[in-house]
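I have placed the structure first, in the form of structure tokens, so that the comments after it can refer back to it.
The values are calculated or read from the model by the stated rules, or taken from the named source; none is laboratory data. Worth saying up front: this structure is predicted, and the values here are computed from it rather than measured. Positions of Cβ are generated from backbone atoms using ideal geometry, with glycine treated the same way; all protein chains shown enter the neighbour counts. These accessible areas exclude ligands, DNA and RNA; they are computed on the full protein's heavy atoms, side chains included. Shrake-Rupley method; radii C 1.70, N 1.55, O 1.52, S 1.80 Å.
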Amino acid sequence: MNVYTILNARIVAEPEIRYVGSDNTPVTELRVADNPLKQSDKTPARFVTAKVWGGMAERASKLSKGDVLTVSGQLVLESYEDSIAGIYYCRQW
């Protein structure tokens, strides 16, 4: 399921950059969290992994834990199965 969305979030872990493919394309993974419109103080935060590619990945890798940013793009819901624990679901940009 792919959904285009915009998220105002805070980085919760240091960004990780890696290089993929024969042309060493940079990819940075950002683990971010946002608080949806608060109905109460018990509203849980949403955690998402955002992947940033190319020149933007180089810039994103310079961000730090605690920085606030706006993420826009396709939200992808992926699932995979583990023989021990069952099915896992994962949200990624």
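See the values below:
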read-out	value
Subset of the stretch 1-36 [within 18 Å of residue 57 (Cβ to Cβ), of a type in the set (S, T, N, Q) and either in contact with a Lys or Arg (Cβ under 7 Å, 6 or more places away or on another chain) or without any contact (Cβ under 8 Å) to a residue 12 or more places away in the chain (or both)]	22, 24
Residue satisfying condition, being among the acidic types (Asp, Glu), open to solvent by less than 60 Å² (accessible area, probe 1.4 Å) and at pLDDT 90 or above, within set 14, 29	29
